[in-house]
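Colleague: Structure incoming, see below.
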Amino acid sequence: MSDTTTTIEQPSAEVSGRPIRLDDVTKRYPGQTKPAVDGITLEIPAGKVVMFVGPSGCGKTTTLKMINRLIEPTNGRIVLGDEDVTQIDGDELRRRIGYVIQAGGLFPHMTVATNIGLVPKMLGWSKERIAARVDELLELVSLDPDTYRDRYPRELSGGQQQRVGVARALAADPPVLLMDEPFGAVDPITRQRLQDELIRIQEEVQKTMVIVTHDFDEAVKLGDWIVVFEEGARIVQYDTPERILAEPANEFVENFIGSGAGLKQLTLRRVRDVDVADAVVVKPGTTGKDALQQAENAGHGHVVVVDDRERPLQWLSRRQLSRIDVIDARLDPALPVVSGAATLNDALDTMLVTSVGAALVTGRRERFEGVIDVETVMEAIRDARANAANSEGAPVGMNSGSIGLTPSLIAAGEAAQAAHAGDEAATATATDDARADHTERGAAG
């Protein structure tokens, strides 16, 4: 490596989500002395990912399900954008909010394409428009449309089923996506990949996402904001991951975070957030002698071999180059590669199993971007605590209190609301036909 560094270009997208507000919302069940959710007032900003965490039975899933009214609140208001949706038809509301559960919740007797196209069909979309949307979403979740659109859920792996579940939730382009323990039923390796995939998808779609998880590390990795609940959905702390790790509100939050807060801070930053080092890059067919000369001239110990699409194939040391006549096009299965969307914690895990203490970084379409090393990651740990004090103020989050219409929240949702007006009109037209199909109505929920 050299001292020359490169900053990975970060993708940008317009916010298509809407703000959500729970205003003094309570849920009481008959026969229980304490409410399951006790007077929660919570602002969820447009286009942000808000994580709900807390111990089992604390009310986080109940709170999530009250947003789309799978569970009806006993008291209070739920506002989507600037619209009070507490009194509108629940089925209509759920067609405007994406919903993902463990294992995707796919209908086993329907193909992938049919599963994804359920809600658009209810909204009266044409077959051509639905087919185009299905292919678009399969590509978005990194599944080849020609390969997967006609398969059934039983023909998919757990990770593929979850990807299809996300695609189905996004099918009608809803402004809000609710996810209940979406990655809890997959193995750790697949879980990490799905988390990275969701981060990449959010960069493109910029929805308002609310995600329930028991895994605090997952909350730190995925969330712009984290709500820590205790029993009765009592909000203990609502803040950025940086501030929760650096300044936990009390002993309850400290215990929930657990040990290793310093390492957890590595999940707050992506590889793309730091400068990566340049490398000597060669193509297959280059002689070992020529590649070795380039490495020596640049003062590098290695060269990166890339294919015609600039994807890394091999990472060869000077010693290896001295024994090679011509570099071939084989792919090294043990190549230490991390994407720009990966967290620094993931990057560190990758680097620690290599002999060079570094990893290759890829960007869009797996193009080689540069090299990241352990020293860069350690510097990020030192910066994390200092940056926590400068993070933005948290939205409103409290119990047993009511807030009025918040102008900033309303303004943030107006543009997105206008964009969805056409589909909302279609929703009203399609409601009667949709109710006739009980199975499809269940899918919308």
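The values are calculated or read from the model by the stated rules, or taken from the named source; none is laboratory data. These numbers come from a predicted model, not from an experiment. Don't worry about glycine lacking a Cβ; one is built from the backbone with ideal geometry, like all the others, and counts go over all protein chains shown. Note: areas computed on protein heavy atoms with side chains; ligands, DNA, RNA excluded. Shrake-Rupley method; radii C 1.70, N 1.55, O 1.52, S 1.80 Å.
Colleague: For the ranges 302-311, 144-153, what's the packing order if you count other beta-carbon atoms within 10 Å of each residue, average per peptide, and put the highest first?
Modeller: Sorting 302-311, 144-153 by mean packing, highest first, produces 302-311, 144-153.
Colleague: Out of the total accessible area of segment 50-200 (probe 1.4 Å, heavy atoms of protein only), what percent is carbon and sulfur?
Modeller: Roughly 47 percent of what the probe reaches on segment 50-200 is carbon or sulfur.
Colleague: A further question on this structure: Please report, as a whole percent, how much of the solvent-accessible surface of segment 263-338 comes from carbon and sulfur atoms (probe radius 1.4 Å).
Modeller: 46
Colleague: For segment 338-346, just list the computed ³J(HN,Hα) in residue order, Karplus coefficients 6.51, -1.76 and 1.60, θ = phi - 60°, integers in Hz, with x standing in for Gly and Pro.
Modeller: Working through the residues one at a time gives 10, 7, x, 7, 5, 6, 5, 5, 4 Hz.
Colleague: Tabulate in residue order the Karplus-calculated ³J(HN,Hα) for segment 321-327, using 6.51 cos²θ - 1.76 cosθ + 1.60 with θ = phi - 60°, rounded to whole Hz; enter x for Gly and Pro.
Modeller: My calculation for segment 321-327 gives 5, 5, 9, 10, 7, 9, 6 Hz in order.
Colleague: Also: Using a 1.4 angstrom probe, figure out how much accessible area segment 20-258 has per residue, in square angstrom, rounded to the nearest whole.
Modeller: Here the per-residue accessible area is 37 Å².
Colleague: On to the next question. Which FRET efficiency value, to the nearest 0.05, is calculated for GLU375 and HIS109 with the Förster distance at 35 angstrom and r the Cβ-Cβ distance?
Modeller: After rounding to 0.05, the efficiency reads 0.05.
Colleague: Roughly what would the spin-label model give for GLU203 and ARG330, points 7 Å off Cα along C-beta, in nm?
Modeller: About 3.2 nm, to one decimal.
Colleague: Could you check the spin-label model distance between ILE189 and THR147? Points 7 Å from the Cα along Cα→Cβ, value in nm.
Modeller: Those two pseudo-labels are separated by 1.7 nm.
Colleague: So which of LYS127/LYS207; LYS121/LYS221; LYS60/LYS121; LYS27/LYS264 end up more than 27 Å apart, counting from Cα to Cα?
Modeller: Going by Cα-Cα distance, LYS121/LYS221; LYS60/LYS121; LYS27/LYS264 fall outside the 27 Å limit.
Colleague: Can you give me the distance in nm between label points at ASP89 and ASP224, each placed 7 Å from the Cα along the Cα-to-Cβ direction?
Modeller: Result: 3.2 nm between the two label points.
Colleague: What aspartates and glutamates sit close enough to LYS48 to cross-link, taking a C-alpha to C-alpha distance under 14 Å and skipping anything fewer than 8 places away on the same chain?
Modeller: GLU14, GLU203, GLU204, ASP224, ASP239, GLU392
Colleague: Quick check: residue separation of ARG154 and GLN320 times 0.36 nm, minus the Cα distance between them. What number comes out in nm?
Modeller: 55.2 nm
Colleague: Per residue, how much accessible surface does segment 272-389 expose to a 1.4 Å probe? Answer in Å², no decimals.
Modeller: On a per-residue basis, 51 Å².
Colleague: Measuring from centroid to centroid over Cα atoms, what is the spacing of segment 175-236 and segment 18-59 in Å?
Modeller: Between the Cα centres of segment 175-236 and segment 18-59 lies a distance of 16 Å.
Colleague: Still on this structure: Below 12 angstrom from the Cβ of GLY59, what's the summed charge of the other residues (Lys, Arg +1; Asp, Glu -1)?
Modeller: +3
Colleague: Taking R0 as 25 Å, what FRET efficiency do you get between GLU251 and SER400 from their Cβ-Cβ distance, rounded to the nearest 0.05?
Modeller: According to the calculation, E is roughly 0.65.
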